[in-house]
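The values are calculated or read from the model by the stated rules, or taken from the named source; none is laboratory data. Small disclaimer: the values here were computed from a predicted structure and weren't measured. With ideal geometry, Cβ positions are generated from the backbone for all residues, glycine too; neighbour counts draw on all protein chains shown.
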Amino acid sequence: MLYEEERKQAIADYVGRQGRASVQELASRFQVSESTVRRDLRELEAQKQLRRTHGGAIAPLPGSDAEPTFLEKEDRFQQQKADIARRALAMIGEGDTVFLDAGTTTYQLAKLLKGFARLTVVTNSLKVVQELAEEKQIDLLTTGGTLRPETMAMVGPFAERSIESVRVDKLFLATNGFDAQSGLTTPNLIEAATKRRMIGSAHRVILLADHSKYGNVTFARFGELSDISTLITDSRISRAAVEEIEKVGVEVILADSGGDTA
């Protein structure tokens with residue numbers, strides 16, 4: 001039996017693959033009532049995950065609402081992401097236990113973790129695992145879980161259970177969008193649930209996000225802006241945005257301005 005957020009994401013994925021599906025078909029496939037399916041479809045349509053039709057739903061038209069792949073995101077703002085990663089590296093000390101979320105900027109940080117004598121890294125990112133697999137000075141723990149090819153992230157109940165069993169010094173968190181009103185968001189409900197577990201596992205939460213993520217709101221909310229202690233971003237973020245973020249008690253560091261706090 002799927003949790004509600006898992007079921008809704010599974011419905012969206014199924015309709016996306018099939019192109020269309022009826023309410024009766026979805027109710028039978030996911031073993032819920034037709035009224036539950038109709039409610040799920042209304043919520044999914046509101047978030048632009050599908051389009052409702054008489055008696056069912058169809059896949060959304062191709063366009064900007066589609067989640068970009070890891071490779072597509074890796075090509076964007078490469079210099080800013082490298083600057084953010086270097087600033088994040090300065091926050092890691094010998095003997096720390098850190099969690100690296102699955103994201104293109106956290107992957108840049110993983111590439112820099114080669115000079116430590118002793119470090120523990122927990123991650124749900126297949127890319128981070130591949131990058132650090134041969135680093136003998138790093139104790140590397142993986143969450144396991146269901147692999148999402150779009151983000152190369154391991155998510156879902158298996159990942160969540162393993163995350164709940166650890167406490168880390170610092171979480172370096174990735175997001176698709178953030179602002180003071182909508183909080184932290186990502187397109188996938190199951191990935192959002194996994195991110196919530198990460199936030200709960202960390203003494204300190206550090207968001208690594210370039211300026212383009214600010215004001216971007218996607219489907220699934222996984223936290224409040226106040227859940228993070230520090231944002232590391234780049235100087236192309238607006239002064240008004242920085243002031244808004246700081247109002248909720250978040251430290252803002254502009255990585256490409258000498259690492260100074262804004």
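Sort through SER226, SER235, SER201 and tell me the only one that's touching a residue at least 12 places away in the same chain (Cβ under 8 Å) and within 21 Å of GLN80 (Cα to Cα).
That would be SER235, the only listed residue that is touching a residue at least 12 places away in the same chain (Cβ under 8 Å) and within 21 Å of GLN80 (Cα to Cα).
Take the residues in the range 69-93 that are more than 14 Å from ALA255 (Cβ to Cβ) and in a helix (DSSP H, G or I), then tell me which one is modelled with the lowest pLDDT.
GLU72
If SER212 passes every condition in (1) of a type outside the set (D, E, K, R); (2) out of contact with any Phe, Trp or Tyr (no Cβ under 8 Å at 6 or more places or on another chain); (3) surrounded by fewer than 19 Cβ atoms within 10 Å (Cβ to Cβ); (4) more than 26 Å from ALA159 (Cβ to Cβ) but one, which one does it miss?
(2)
Checking ASP13 against (1) in a loop (DSSP other than H, G, I, E, B); (2) of a type in the set (D, E, K, R); (3) free of Cβ contacts under 8 Å to residues at least 12 places away in the same chain, which test does it fail?
(1) is the only condition that ASP13 fails.
Which residues, counting only those in the range 109-151, are in a loop (DSSP other than H, G, I, E, B) and of a type in the set (Asp, Glu)?
GLU134, GLU135, GLU150
Tell me which residues, restricted to the range 141-177, are surrounded by fewer than 20 Cβ atoms within 10 Å (Cβ to Cβ), closer than 16 Å to ARG196 by Cβ and in contact with a His (Cβ under 8 Å, 6 or more places away or on another chain).
ARG167
Which numbered condition in (1) buried (at least 19 other Cβ atoms within 10 Å of the Cβ); (2) modelled with pLDDT under 95 is the only one that SER182 fails?
Going through (1) buried (at least 19 other Cβ atoms within 10 Å of the Cβ); (2) modelled with pLDDT under 95 one by one, SER182 breaks only (1).
Which residues, taken from the range 188-215, are assigned to a helix (DSSP H, G or I) and within 16 Å of ALA241 (Cα to Cα)?
Selection gives HIS211, SER212, LYS213.
Any chance the range 47-62 includes a residue that's closer than 27 Å to LEU207 by Cβ, exposed (fewer than 15 other Cβ atoms within 10 Å of the Cβ) and at pLDDT below 80?
no
Given the conditions (1) buried (at least 20 other Cβ atoms within 10 Å of the Cβ); (2) not in a loop (DSSP other than H, G, I, E, B), report the number of the one that THR218 does not fulfil.
THR218 satisfies every listed condition except (2).
Go over the candidates THR185, THR175 one by one and state the one that is closer than 27 Å to GLU251 by Cβ, part of a loop (DSSP other than H, G, I, E, B) and not aromatic (Phe, Trp, Tyr).
Answer to the selection: THR175.
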